[in-house]
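Below is one structure, written out as structure tokens; comments come after it.
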Amino acid sequence: MPDLLGERAGFVRRIGLLQAIAINMSQMCGIGPFVTIPLMVTAFGGPQAVIGFVAGAVLALADGLVWAELGASLPGAGGSYVYLRQAFQYRTGKLMPFLFVWTAMLFIPLGMSTGVIGFVQYLGYLWPGMSQAQGDVVGLVVTVGIVVLLWRRVERIARLTVVLWTVMIAAVGLVVLAAFTHFSLERAFTYPAHAVELTASHFWVGFAGGLTIGIYDYLGYNTTAYMGAEIKRPGRTLPRAILFSILGIMAIYLLLQIGTLGVVDWREMLDPHSTAGSSVASAVLERAWGRTAAEAVTVLILVTAVTSVMTGLLGGSRVPYDAARDRVFFRPYGTLHPRHRFPVLGLLTMGGIMAAGFLLGRHTDLTTVIQLLTTVMVLVQSLAQIAAVTVLRRRQPALRRPYRMWLYPLPSLIALVGWLVIYGYADRNAPGRHPVEWSLAWVAAGLVAFLGWARHEREWPFGPKRISEEYLRRADPAAAAAGAGTPLPQPD
């Protein structure tokens, strides 16, 4: 595929490896670790919470290899939409890609809303008297501002992202430096009695909750996969961007977690109304370098939060575009801005849902939003995508695969177990919030929407299955020359 697609044809391939890594890492290491360190400590009941970040890294690496093979082989706009469309079209027509887009329209902006919640949470350190209503207004203004920032050409955003990425690295680096200049080995590694008792049920309940928080902190390693149609040399760039960003963030998170626990006593983090419980990074900086330094770095953390949300919404807004263009989702989502070439309706819809998710989290708690977005994501994206790797290897063996999963199928199996643990323990880790029930209800609503859409479009089950193997044809020019370019109805 050429690096530059025609402007009228769709997206333009202008994002290189450095920019792709910056987009992924900016989305991964936004405000997340700064607000979830206390949540992780609460889940584990002590400084052994570092186990959660390690477990999250293992799951992210295993799942990242799934994304790497699929992204390198099928580099289209929309990421999982493309992978599920290609893998499951033979049995269920367009059901799986439709359901993915339906669920992504919820879990992607919910993920971004947590960044805005964290922004307001840390702003409270600089504005101690901020009321609930004032915080709500600030969050909504930030949300609108991010949508406005994304209302431009992608190459301008990519350049801006690299600059903001340096701010993110500076913010994290300063917090880590401050922590290790006032680090107490005893404070960081003095665990309570029976902290790591593998035969105790409470450890595994805490582990499941910690794994959920851990993988939430790593989410974003797949951001550029959603932008596959805008990546230069995607067969090489996407796998490298995914793996390098996970490894880099893993090192940062471990330093950040251990360093923080070496400065702030973990018991203080259990109180969400204290500085250590709501703005733990600011607490570290204040104790290490004083209030002025803490305020200065808190500003950088706020910029990091905005960067994370902006890059996540940048990639996520591309999801419904390719689906609608291929008539697998509601058609209005297939329109690009005539001048700036970005998906208008996808950006606006996700911006609106992000604002609603922000208000939900502000008036319940951050854990509620995290549990809801992960359970919705697991059902249609994570589990189905793991299956898609195997299905495509069987259904499309001739597909060009610039990267093939190392040690296949072991990473798929590790990812499968990890996601099932997260989903299976979701209700137990979130009493009274019922994230599993809400996720099932959302998917059920998606099934109803699909049936209505399929009937209107005369698609399966109200019409024939239309098999489209365009990526296979690109790998086989002879087949394309022979006229294999027209999708035809196919039997099971």
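Only helices reaching 30 angstrom along their own axis (Cα) with mean Kyte-Doolittle hydropathy no lower than 1.0 count here, and for the DSSP H runs of the chain these are 50-73, 95-126, 154-181, 234-261, 291-316.
Mean projected area of the Cα convex hull of the chain, taken over all directions, amounts to 22.1 nm². Normalising the average separation of contacting C-alpha pairs (under 8 angstrom, six or more residues apart) by the number of residues puts the relative contact order of the chain at 32 percent.
Just add up the charged neighbours of Leu285: K/R +1, D/E -1, any other residue whose Cβ is under 12 Å from the Cβ of Leu285.
Values: positive: Arg287, Arg291; negative: Glu286, Glu295.
Here the count lands on 0.
Amide H to amide H, with H built 1.01 Å from N, Ile467 comes under 5 Å of Leu488, Gln490, counting only residues 5 or more places away or on other chains.
Ordered from longest to shortest, the equivalent ellipsoid semi-axes for region 351-463 are 30, 23, 13 Å, each the square root of 5 times a Cα gyration tensor eigenvalue. Put simply, the Cα atoms of region 31-98 extend 49, 22, 22 Å along their principal axes, the longest span coming first.
Residues of the chain: accessible area per residue at 1.4 Å, in Å²?
Values: 18690 Å² over 492 residues.
Counting only protein heavy atoms, the per-residue value for the chain is 38 Å².
Specify whether the C-alpha gyration tensor of region 175-304 places it in the rounded, prolate or oblate class, a ≥ b ≥ c being the square roots of the eigenvalues: rounded for a/c under 1.5, otherwise prolate if a/b is larger than b/c and oblate if not. Note, shape of region 175-304 comes out oblate.
Remark on Trp151: its backbone amide H falls under 5 Å from none of the residues 5 or more positions apart or on other chains, H modelled at 1.01 Å from N.
For Ala77, the residues 5 or more places off, or on other chains, whose built amide H falls under 5 Å of its own are Ala229. The longest part of the chain holding none of the exposed loop trypsin sites (Lys or Arg not before Pro), meaning those outside H, G, I, E and B in DSSP with at most 11 other Cβ atoms within 10 Å, is 9-338.
Taking GluC sites (Glu not before Pro) in DSSP loop states with no more than 15 other Cβ atoms inside 10 Å as exposed sites, the chain has its longest site-free stretch at 198-492.
Among 244-250, 110-116, 418-424, sorting by the average number of other beta carbon atoms lying within 10 angstrom of each residue, highest first, gives 110-116, 244-250, 418-424.
The values are calculated or read from the model by the stated rules, or taken from the named source; none is laboratory data. Everything numeric in this text was worked out from a predicted model, so none of it was measured. FYI the Cβ positions are ideal-geometry reconstructions off the backbone, even for glycines, and counts take in every protein chain you see. Quick note on the areas: whole protein, heavy atoms, side chains included, nothing else; ligands and nucleic acids left out. Shrake-Rupley method; radii C 1.70, N 1.55, O 1.52, S 1.80 Å.
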